[in-house]
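Enquirer: Before we start, here is the structure in question, set down as structure tokens.
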Amino acid sequence: MTAAYILIQMNATDPRKVMATIRAVAGVKQAHLLVGPTDCIAYVESNTLESLGDTVVALRGVSGVVSTDTRIAVSVP
């Protein structure tokens with residue numbers, strides 16, 4: 001399994017609507033609004049790196065999303 005945290009910048013007048021759309025994207029397990037330089041953080045999981053990329057592309061296509069910054073999570077024993 002591949003997991004990542006995606007930092008999201010938004011330019012939305014209604015962040016609740018954008019958040020609802022983000023949460024509906026396949027692979028998104030959690031998404032939270034933030035206070036600070038980043039507007040949202042989403043935790044995503046997928047079976048492959050390729051499907052993780054599909055999730056990132058889908059998030060970038062959400063109306064109100066300006067940019068994303070993906071941080072792949074690595075499990076260390």
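FYI, it's all coordinate maths here, none of it is from the lab. Keep in mind the model is a prediction, meaning the values are calculated, not measured. So basically every Cβ, Gly included, is an ideal-geometry build from the backbone, and we count neighbours across all protein chains shown.
Enquirer: Order of 22-35, 42-55 by packing, highest average Cβ count within 10 Å first? Walk me through the intermediate numbers first.
Expert: Details: 22-35: 14.3, 42-55: 15.9.
In decreasing order of mean packing, 22-35, 42-55 become 42-55, 22-35.
Enquirer: Given 25 °C and 0.890 mPa s, how large is the Stokes-Einstein diffusion coefficient of the chain in µm²/s, with Rh as the Kirkwood radius over Cα pairs?
Expert: 198
Enquirer: When the Karplus curve 6.51 cos²θ - 1.76 cosθ + 1.60 is applied with θ = phi - 60°, which whole-Hz ³J(HN,Hα) does each residue of region 54-66 get, with x for Gly and Pro?
Expert: After applying 6.51 cos²θ - 1.76 cosθ + 1.60, I find 4, 5, 4, 4, 5, 5, 5, x, 5, 4, x, 8, 9 Hz.
Enquirer: Here is a follow-up. Hey, can you grab everything whose amide H is under 5 Å from the amide H of Cys40? Only 5+ residues off in sequence or another chain; H modelled, so Pro and N-termini drop out.
Expert: Distant-sequence amide H within range of Cys40: Ile8, Leu34.
Enquirer: Please compute the contact order of the chain in relative form: average sequence separation of alpha-carbon pairs under 8 Å and at least six residues apart, divided by the residue count, as a percent.
Expert: Worked out over the chain, it gives 46 percent.
Enquirer: On full extension of the chain, what length is gained from Ala73 through Ile41, given 0.36 nm per residue of separation minus the C-alpha to C-alpha distance?
Expert: Working: separation 32, 0.36 × 32 = 11.52 nm, distance 1.34 nm.
My answer for the length gained is 10.2 nm.
Enquirer: Follow-up question, since we're still on this one. On a 0 to 90 degree scale, rounded to 10, what angle separates helix 15-24 from the longest Cα axis of the chain?
Expert: Relative to the chain, helix 15-24 is tipped by roughly 30 degrees.
Enquirer: Another question, if that's okay. Using modelled backbone amide H atoms (1.01 Å from N, in-plane), which distant-in-sequence or interchain residues come within less than 5 Å of Ala73's amide H?
Expert: For Ala73, the qualifying residues are Ala3, Ala4, Tyr5.
Enquirer: Which order results if Leu7, Leu59 are arranged by neighbouring Cβ count within 10 Å, fewest first? Don't skip to the answer; put the middle values down first.
Expert: Details: Leu7 16, Leu59 22.
Taking fewest neighbouring Cβ atoms as first place, the list is Leu7, Leu59.
Enquirer: Give me the distance in nm between label points sitting 7 Å out from Cα along the Cα-to-Cβ direction at Val66 and Ser51, one decimal.
Expert: Spacing of the two 7 Å Cα→Cβ label points: 3.3 nm.
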